[in-house]
Amino acid sequence: MPEIWKYIAGSVVLGSAAYSLIKYFAGGVCECPTRLDGLLVIITGANSGIGKALAIELAKRGANLILACRNVKSGLEAKVHILQEAQNSNIQIHVKFLDLCSIHSIKNFSENIQNQFREVYALVNCAGVFYLPHSLTEDGFEVTFQTNYLGPFILTHELIPLLKKQVHARIVNVSSEAHRKVNANDLRSVTLQQNQPVSPFVSYGVSKLALILFTKELAKKLNNTNIIVNAVNPGNVETAIYRHFPPLSNPWLFAIQKPIRTLVVKNPKQGCQSILHALLTSNPSTGQYYSDCKLTLASPLASCDQISREYYRVTCELIRWFPEESEC
Ligand SMILES: NC(=O)c1ccc[n+]([C@@H]2O[C@H](COP(=O)([O-])OP(=O)(O)OC[C@H]3O[C@@H](n4cnc5c(N)ncnc54)[C@H](OP(=O)(O)O)[C@@H]3O)[C@@H](O)[C@H]2O)c1
């Protein structure tokens with residue numbers, strides 16, 4: 001074979017392999033044609049990453065949005081970008097302050113929403129942190145545990161009355177495959193010994209496992225209501241969440257990994273597809289875990305009814321909140 005043909009054949013093989021890799025790691029795509037014209041969706045952490053990409057997709061489908069952000073300036077910038085991308089002049093976007101590290105802030109946010117809006121179609125608990133060093137919030141809880149789990153737990157219960165006013169409503173909790181790395185001992189010790197430093201990987205994994213257990217238990221409590229609640233794994237997505245993670249926060253190390261990450265890590269639009277699917281699908285499954293737009297089995301620990309029931313009770317004790325059975 002002449003040299004030139006070898007060169008062309010090699011390029012075609014390499015190009016096809018790169019394309020197949022990118023397609024494979026891009027994951028599932030939400031194919032639901034459903035629109036949400038005029039319906040109100042609250043997204044926490046919508047100023048950045050997956051939450052912002054989701055906001056753009058929902059705005060294109062006609063949803064009104066509340067961007068719940070701890071950095072309002074960044075939220076307002078995101079609003080401008082979302083409106084530009086959506087090209088939909090019929091939608092309304094509100095930016096509201098919410099700091100999940102403060103129960104006081106969560107209560108203020110919820111009160112404000114209840115005073116201003118009559119009903120909410122969906123709540124997406126998307127805000128989260130990863131690999132933060134151990135510290136305690138003003139409420140005395142470990143920072144990752146409160147941001148990723150306790151905060152969404154409290155916020156969700158505060159907003160359930162507004163979700164109940166819709167004919168159909170949804171809650172989506174953004175979890176992670178990191179939940180699989182956690183064992184029962186980690187779950188117990190991180191939950192019950194908040195001021196005991198543990199590895200940031202473990203506290204992240206526990207917070208994401210706790211979210212799935214919450215999803216399961218809440219779905220049971222909301223059975224026979226209009227509200228469907230599911231957990232989602234967005235996959236590995238290139239966002240600012242890795243800014244505290246040494247192998248990626250170092251610009252040199254990041255630059256070395258960049259070519260391979262471009263192939264195997266999702267962009268935020270790809271990362272929000274499973275959340276979009278959980279919000280739009282006509283499949284009425286509740287208490288489930290979605291990954292790549294498909295129902296997926298969570299870890300055995302996350303799937304245990306007895307643990308989810310007990311964990312819900314322990315969480316209520318931690319935040320000193322004792323709901324009536326009828327409250328959910
Ligand atoms: N990226 C991934 O590979 C990946 C994988 C699995 C799961 N996830 C999950 O996906 C979700 C979204 O993450 P992302 O990747 O899009 O990261 P991101 O771009 O860093 O977005 C996280 C968002 O959460 C907000 N946030 C953090 N702490 C908060 C607090 N105390 N109160 C209110 N908002 C707070 C951040 O606000 P600031 O902008 O002010 O920091 C930001 O808007 C997270 O729950 C994450 O655990 C991500």
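The values are calculated or read from the model by the stated rules, or taken from the named source; none is laboratory data. Since the structure is predicted, the reported quantities are computational estimates derived from the model, not experimental observations. Counting neighbours? That spans all protein chains shown, and the Cβs are built from the backbone with ideal geometry, glycine included. Side chains included, ligands, DNA and RNA excluded: accessible areas come from the protein's heavy atoms. Shrake-Rupley method; radii C 1.70, N 1.55, O 1.52, S 1.80 Å.
For the chain, the 222 nm mean residue ellipticity estimated from helices alone, with every DSSP H stretch of n ≥ 4 adding -39500 (n - 2.57) and the total spread over all residues, rounds to -14500 deg cm²/dmol.
Among complete DSSP H helices in the chain, those whose alpha-carbon atoms stretch at least 27 Å along the helix's long axis and whose mean Kyte-Doolittle hydropathy reaches 0.5 are 3-26, 200-221. Measuring nothing but how far apart in sequence close Cα pairs (under 8 Å, 6+ apart) lie, relative to its length, the stretch 216-328 scores a relative contact order of 36 percent. Between S303 and S285, the contour length at 0.36 nm per residue exceeds the alpha carbon distance by 5.0 nm. Report in % the part of the accessible area of the chain that belongs to carbon and sulfur, leaving out ligands and nucleic acids; probe 1.4 Å. On the chain, the fraction of accessible area on carbon and sulfur atoms equals 56 percent.
For R261 and S74, the FRET efficiency from 1/(1 + (r/R0)^6), where r spans their Cβ atoms and R0 equals 22 Å, is about 0.40. Rounded to whole Å, the principal axis extents of the Cα atoms in the chain read 80, 49, 37, largest first.
For the pair the stretch 163-212 and the stretch 93-120, the centres of their Cα atoms are 22 angstrom apart.
Over the C-alpha atoms of the stretch 41-173, the Rg to Rh ratio, Rh being the Kirkwood estimate, stands at 0.96. For a modelled paramagnetic label at Q193, 7 Å from Cα along Cα-to-Cβ, no residue of the stretch 130-169 is in reach, as no backbone nitrogen comes under 12 Å. Take each peptide in 207-220, 300-313, 23-36, 100-113, count the other Cβ atoms within 10 Å of every residue, and average; sorted highest first, the result is 207-220, 100-113, 300-313, 23-36.
Partner lysines whose Cα lies under 22 Å from the Cα of K96, excluding those fewer than 8 positions away in the same chain, are identified as K52, K60, K73, K79, K107, K164, K165.
Looking at the chain, the accessible area is 48 square angstrom per residue; that uses a 1.4 Å probe and ignores ligands, DNA and RNA.
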